């Protein structure tokens, strides 16, 4: 199978001769270190996989569907070979995806599903929510009061929250006080959300935040309020989050790690395979497993998953 894939990719490169490989990238929020790392890794992966020149255009939609549709349509007009996107809205981006495909462009969704994409590569976000909140439950001794700092209504976020809630439902002595506050996945949003939570729920024991930026904002808000008796779990395993785990004392105690480099490598590899095939392929959905990073194993976790902690 690997030999066949190599032959197909070689044929594709030969057909293009010196033609550059053109890739348009639309990330949900380049202000988020995860998406910035993912965008860089897409470029690195394409240059490693393709023998010719790679032309990369990177845009941020800021979770604005209208802006992202304009970006995808512009990439389509420019006749990109591949469009890689983290969707601002998984379903509503579908028509723009179809227009690109009708122009012969391969569309890959990363981190967030995009309806109709040729390839979708995401973290197993349900699993990420499960492992983070199972750790939270164990640390609480299966008794306590918790809250969820939510985020944008996209598949990655809703899956994490669903995974967390499914775990909490197994423990009737854990009370979920709030899960509807949208921290926007940002430090400032997490700070604002936590400020609201500590004022509204003086007996709060723990918080699940949907990503590291909002978790670290929440931790700062808790410290400013003098709350050092609660703890926070998250999803990302970002360099900043891993460093926060090592702090003394640390309010962030665990983060279910994503692997943006592996996500990018997989998306580019499979997109090139779709380009090399003579006929359209069925859509692929690839979910990458997550690994829980804690204070105890953080030293063994490399720069966003260059190396992984021992399970």
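Quick note: the coordinates plus some simple rules give every number you see, no bench work behind them. Everything numeric in this text was worked out from a predicted model, so none of it was measured. As a convention, Cβ positions derive from the backbone with ideal geometry for all residues, glycine included, and neighbour counts pool all protein chains shown.
How far is it, in nm, from the label point at residue 55 to the one at residue 196 when both lie 7 Å from their Cα along the line to the Cβ?
Output for this residue pair reads 4.5 nm.
Relative to the longest principal axis of the C-alpha atoms of the chain, give the angle of the C-alpha long axis of helix 33-49, reported between 0 and 90° and rounded to the nearest 10°.
30 degrees
Does anyone have the angle between helix 125-140 and the longest principal axis of the chain? Alpha-carbon axes, 0 to 90°, nearest 10?
20 degrees
How big is the range 134-234 by Rg and Dmax over its Cα atoms, in Å?
12.2, 34
How far, in nm, would the chain grow between residue 98 and residue 44 when pulled straight, counting 0.36 nm per residue and subtracting the alpha carbon separation? Kindly include the intermediate steps, with their values, before the conclusion.
Details: separation 54, 0.36 × 54 = 19.44 nm, distance 2.66 nm.
Stretched out fully, the residue 98 to residue 44 stretch lengthens by 16.8 nm.
In whole percent, what relative contact order does the chain give with Cα contacts below 8 Å and a gap of six or more residues? If you can, show how the numbers build up before the last one.
Values: 690 pairs, mean separation 54.6, N = 311.
After rounding, I find 18 percent.
Can you pull the Kirkwood radius for the chain, inverse mean 1/r over Cα pairs, to one decimal in Å?
Numbers: mean 1/r = 0.0499 Å⁻¹.
Result for the chain, one decimal place: 20.0 Å.
For the pair residue 170/residue 182, report the inter-label distance in nm, with labels modelled 7 Å from Cα in the Cβ direction.
3.1 nm
Counting DSSP beta bridges with both partners in the chain, what percentage is antiparallel, nearest 5? All intermediate terms of the calculation are to be shown ahead of the outcome.
Details: 4 of 45 bridges.
For the chain, the DSSP antiparallel bridge percentage is about 10.
What distance in nm separates the simple spin-label points at residue 70 and residue 285, each placed 7 Å from Cα in the Cβ direction?
Roughly 3.2 nm, to one decimal.
Going by the alpha-carbon gyration tensor, a ≥ b ≥ c the square roots of its eigenvalues, is the range 16-125 rounded (a/c under 1.5) or, if a/c is not under 1.5, prolate (a/b greater than b/c) versus oblate?
On the way: a/c = 1.66, a/b = 1.22, b/c = 1.36.
Since a/c reaches 1.5 but b/c is at least a/b, the shape of the range 16-125 is classed as oblate.
For the residues 61, 188, what sequence is obtained by ranking on other C-beta atoms within 10 Å, fewest first? Could you put the intermediate results ahead of the total?
Values: 61 25, 188 13.
Ordered by Cβ neighbours within 10 Å, fewest first: 188, 61.
Would you work out the relative contact order for the range 87-192, in percent, from Cα pairs under 8 angstrom that are 6 or more residues apart? Don't skip to the end; give the middle numbers.
Values: 170 pairs, mean separation 26.1, N = 106.
Answer for the range 87-192 is 25 percent.
Using all C-alpha to C-alpha distances in the range 215-295, build P(r) with 5 Å bins and read off the rounded percent in each one.
Each 5 Å bin holds this share of Cα pairs: 3, 13, 20, 15, 11, 9, 8, 7, 6, 4, 2, 1, 0.
Out of all Cα-Cα pairs in the range 169-311, roughly what percent, to the nearest whole number, are more than 20 Å apart? Mind showing how you got there, number by number?
Numbers: 5558 of 10153 pairs.
Cα-Cα pairs of the range 169-311 separated by over 20 Å account for 55 percent.
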